[in-house]
């Protein structure tokens, strides 16, 4: 009976009910969309930091990531690579050798970082092959072919097919140098990489650096980047003591702080939107209770207990919450799907921003995450019940005689 009365009561003033429902639907759907966009921005900046250069987890000799000492290297052993690739959660492993030197073309000479890779394995860890703007990515037998960043290519005046000269100091003290052919040009939006990074074949760089069969690191990709710390801890426990295993959070501590601040930003957004919604619900039901004071007095005079009256008003808020939730989730899912499939391109108005080792791209896109749906849903129901409690409490404390005399 209480549910029937509550359902009828919310439609007694259709205009006010529809306005309140509209506010609840809009706030819940916009919150779901906003959280989806937040997640999209978070995934973009995390992917730009880890999937364009570092990887999710990096295995190297202790101290190498801090010092970049060429002699802090590890053996290029197939057993080690197979062991790392077979670790729980790991979906890709790429051996690397790193060198620093000068890249020249004509009268133009600029410092560069040469990253020696096995192209097939590197595709499992990073996605620079998706960032090409000219030419082609390195083939498996790249030889003396390289791909370079757009900024570096512009400084050198190089295009795909052009030859450049690389000079560096080798491990034996000699001067390592060779003539290279530009295979492709990439653009990540990160000025540090676009202006200095060069990708070359691992075997070629080992020869030039006089480091045969040696690596500086093995970059790993894991199925869930947010669990990279657990994967790193598991690997560290199973590798020799002189190995260092770092997840992206330790490689990029500023990025870890960005991730941590995400939950705070999300909570602030929830509080702002639902505070306004809660005030609207509170106003609606206070007005409803005031208008029905005589009705409540009659019901109590007929024997309705105060707790039942309180329950009836709370049921009215719950029914409105469930109705708005059904519509809000539907609209929120549709908006999130649209932003995921289409998004909004802002490249005509904004440029990429590099921050904390990642790049915030000039676009808005959304990502589906379960918590972006159930968190707004549960908080909306809690807000409805909380906003309906005060009007329900007032109705339950009415005295029948005084309520019946109320105009």
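The values are calculated or read from the model by the stated rules, or taken from the named source; none is laboratory data. Since this is a predicted model, take the numbers as computed values, not measurements. Neighbour counts are summed over all protein chains in view; Cβ atoms, including those assigned to glycine, are modelled from backbone coordinates with ideal geometry.
Return only the number of the condition from (1) without any contact (Cβ under 8 Å) to a residue 40 or more places away in the chain; (2) out of contact with any helix residue (DSSP H, G or I) (no Cβ under 9 Å at 6 or more places or on another chain); (3) closer than 30 Å to residue 262 by Cβ that residue 44 does not satisfy.
It is condition (1) that residue 44 fails.
I'd like to verify a number: residues in the range 78-117 that are under 29 Å from the mean Cα position of the chain (by Cα) and assigned to a loop (DSSP other than H, G, I, E, B), how many?
Result for the range 78-117: 4.
From the list 218, 245, which one is within 28 Å of residue 152 (Cα to Cα), at pLDDT 90 or above and surrounded by 15 or more Cβ atoms within 10 Å (Cβ to Cβ)?
218
Output the residues belonging to the range 157-198 that are assigned to a strand (DSSP E or B), surrounded by fewer than 17 Cβ atoms within 10 Å (Cβ to Cβ) and either in contact (Cβ under 8 Å) with a residue 60 or more places away in the chain or more than 38 Å from the chain's Cα centre (by Cα) (or both).
Hits for the range 157-198 are 163, 165, 167, 169, 175, 177, 178, 179.
Given the residues 232, 236, which is the only one that is in contact with a strand residue (DSSP E or B) (Cβ under 8 Å, 6 or more places away or on another chain) and in contact (Cβ under 8 Å) with a residue 60 or more places away in the chain?
Only one candidate qualifies: 232.
Scan the range 264-276 and give yes if some residue there is touching a helix residue (DSSP H, G or I) at 6+ places or on another chain (Cβ under 9 Å), over 15 Å from residue 27 (Cβ atoms) and part of a strand (DSSP E or B), otherwise no.
No, the conditions are met nowhere in the range 264-276.
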